[in-house]
Amino acid sequence: MLDLLIKNAVLSTTGKKADIGIIKDKIVEISTKIDAEAHEVIDAEGHLVSPPFIDPHFHMDATLSLGLPRLNESGTLLEGIQLWGELKPQLTLDALKQRAHQLVKWSIANGTLAIRSHVDTSDASLLAVEALLEVRQEIVPYIDLQLVAFPQDGYFRSKGAEANLQRALDLGVDVVGGIPHFERTMQDGARSVKALCEIAADRGLMVDMHCDESDDPLSRHIETLAQETQRLGLEGRVAGSHLTSMHSMDNYYVSKLLPLIAEAEITAIPNPLINITLQGRHDSYPKRRGMTRVKEMTAMGINVALGHDCVMDPWYSLGSHDMLEVAHMAVHVGQMTGVSEMQAMYDAVTINSAKVMDLENYGLETGCNADLVILQARDKIEAIRLKPARLFVVRRGKIISRTKPVFAALNLDGEAHQVDFLK
Ligand code: FE2
């Protein structure tokens, strides 16, 4: 007797029709037809079933703070950092947690069931760390939250940042972060990469650095990150977030750099919604896009995972934490419009991101956790095109969110109920 049976699904992993049998919190069978009895049956009606969306790069301590204490007038990265500095003294534990919980509701409704969030460790109070550690525990039944110790004001540049980061890790923050391009000099940035990777190696933790988030074609911290990863044997456990300077780098140098990233098994985490809006701000025309070289990295077999980064905070006023919006933007900014390239951008917000977070039992296979999303779309490309309703979101075998199907003119499987001009 199954607990949950999903019939007539199209698997995002193979594109084939299948039924999915679930007992308790695990997928126990996937086959063309399952006739077993079940306590609950969902008829997927030929819609796409996918493992959940994963956001590998987010800032949950800043989310939904838009307008506090004021709006970002220039819309730039640096004014965003300044604005966050103005807001920090006003933060309270309750307000941080309330906003995080609100965001998580949106995430679940959109089928995102794991988030890696950076948390600012610059402040000696570690208030945001305390708040998000509590949130991490409270949302365990719904979402896997992984926290990165992020020295936003600079690991060496900001007084006390080194000790505060270590204290955050002692409290249970999962991953070591960094911001080398924000240190005072290129040398300090490189030193910070080395020091932070050594902390990760000592503690047996993963690394995820904001790395070269600028338009500076000579920023070289990703090279140092690749070198330190190999020196310390951290292959497969390190991510370089943003890497926007690679957009502007000399092509010859990039031809040397890409194999170094591949050798070190570093995951690249571009954040297309944010990169396209914050980078290129000092350009006239032509104006750089600022997103890292997703096409070339993907072709080389480098793991590329896409992050949302921000939702309604000092750096980005928009967003609803929908990872399909991120994939959609990546397709456009990165000119990833080939069939397999579009499919790769869907994978970048699902399986590639799960790999970054080292999630256990993730996927649509027998034995995996019964975590999945049924979308009102027929395949991965249609999902990116329509950003459709997430009809059912299932976590550990339980339906935790439902959304009614939308019958709009663009949605080919329904009648055009909202269109009346062809009567
Ligand atoms: Fe970020």
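The values are calculated or read from the model by the stated rules, or taken from the named source; none is laboratory data. Note that the coordinates shown come from a computational prediction; the quantities given were computed from them, not determined experimentally. Ideal geometry is used to build each Cβ from the backbone, glycine not excepted, and the neighbour counts take in all protein chains shown. Note: areas computed on protein heavy atoms with side chains; ligands, DNA, RNA excluded. Shrake-Rupley method; radii C 1.70, N 1.55, O 1.52, S 1.80 Å.
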Of (1) assigned to a helix (DSSP H, G or I); (2) modelled with pLDDT under 95, residue 97 satisfies every one except (2)
The condition from (1) more than 16 Å from the ligand (Cβ to nearest atom); (2) on the phi > 0 side of the Ramachandran plot that residue 321 misses is numbered (1)
- Task: Inspect all residues belonging to the stretch 244-252 and state whether any of them is free of Cβ contacts under 8 Å to residues at least 12 places away in the same chain and over 22 Å from residue 164 (Cβ atoms).
- Result: yes
Residues in the stretch 222-243 that are among the basic types (Lys, Arg) and either touching a strand residue (DSSP E or B) at 6+ places or on another chain (Cβ under 6 Å) or touching a residue at least 60 places away in the same chain (Cβ under 8 Å) (or both) total 1
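Give the residues of the stretch 342-361 that are open to solvent by 50 Å² or more (accessible area, probe 1.4 Å) and of a type outside the set (S, T, N, Q), sorted by residue number.
351, 355, 358, 360
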Here the residues within the stretch 332-353 that are farther than 19 Å from residue 375 by Cα and out of contact with any Pro (no Cβ under 9 Å at 6 or more places or on another chain) are 335, 336, 337, 338, 339, 340, 341
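Taking the stretch 51-77 as the search range and keeping residues that are open to solvent by less than 10 Å² (accessible area, probe 1.4 Å) and of a type in the set (A, V, I, L, M, F, W, C), which one is farthest from the ligand (Cβ to nearest atom)? If you could, list the steps in order and put the result at the bottom.
The first filter runs over the stretch 51-77 and keeps only residues open to solvent by less than 10 Å² (accessible area, probe 1.4 Å), leaving 51-58, 60-63, 65.
With the extra rule that they be of a type in the set (A, V, I, L, M, F, W, C), the set shrinks to 53-54, 58, 60, 62.
Working: 53: 18, 54: 16, 58: 8, 60: 11, 62: 9 Å.
Filtering the stretch 51-77 for residues that are open to solvent by less than 10 Å² (accessible area, probe 1.4 Å) and of a type in the set (A, V, I, L, M, F, W, C), the one farthest from the ligand (Cβ to nearest atom) comes out as 53.
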Of the residues in the stretch 329-341 that are in a helix (DSSP H, G or I) and out of contact with any helix residue (DSSP H, G or I) (no Cβ under 6 Å at 6 or more places or on another chain), the one that is surrounded by the most Cβ atoms within 10 Å (Cβ to Cβ) is 341
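Picking from 160, 85, 80, which residue would you name as being open to solvent by 30 Å² or more (accessible area, probe 1.4 Å), at pLDDT below 95 and not aliphatic (A, V, I, L, M)?
Within the list 160, 85, 80, the selection yields 85.
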Flagged pairs (Cβ under 8 angstrom, 6 or more apart or on separate chains; first in the stretch 206-221, away from the ligand (no atom under 15 Å from the Cβ); second polar (S, T, N, Q) and assigned to a loop (DSSP other than H, G, I, E, B)) are 215/244; 215/279
Within the stretch 16-50, of all residues that are open to solvent by less than 80 Å² (accessible area, probe 1.4 Å) and either touching a helix residue (DSSP H, G or I) at 6+ places or on another chain (Cβ under 8 Å) or free of Cβ contacts under 8 Å to residues at least 12 places away in the same chain (or both), the one farthest from residue 370 (Cα to Cα) is 48
Expected single match for of a type in the set (A, V, I, L, M, F, W, C), in a helix (DSSP H, G or I) and in contact with a His (Cβ under 6 Å, 6 or more places away or on another chain) among 106, 84 is 106
Discussion item. Could you go through the stretch 265-283 and let me know if any residue there is closer than 18 Å to residue 208 by Cβ, surrounded by fewer than 23 Cβ atoms within 10 Å (Cβ to Cβ), away from the ligand (no atom under 16 Å from the Cβ) and not hydroxyl-bearing (Ser, Thr, Tyr).
Written reply: yes
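Which members of the stretch 129-151 meet the condition of being touching a Ser or Thr at 6+ places or on another chain (Cβ under 8 Å) and either outside the structural domain of residue 269 (by TED's automatic domain parsing) or open to solvent by 10 Å² or more (accessible area, probe 1.4 Å) (or both)?
Hits for the stretch 129-151 are 145, 146.
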Residues of the stretch 185-198 being among the β-branched types (Val, Ile, Thr), surrounded by fewer than 19 Cβ atoms within 10 Å (Cβ to Cβ) and assigned to a helix (DSSP H, G or I), in sequence order, are none
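Filter the stretch 163-184 for residues that are open to solvent by 30 Å² or more (accessible area, probe 1.4 Å) and either among the acidic types (Asp, Glu) or in contact with a helix residue (DSSP H, G or I) (Cβ under 9 Å, 6 or more places away or on another chain) (or both) and give the result.
The answer is 166, 167, 170, 171, 174, 181, 182.
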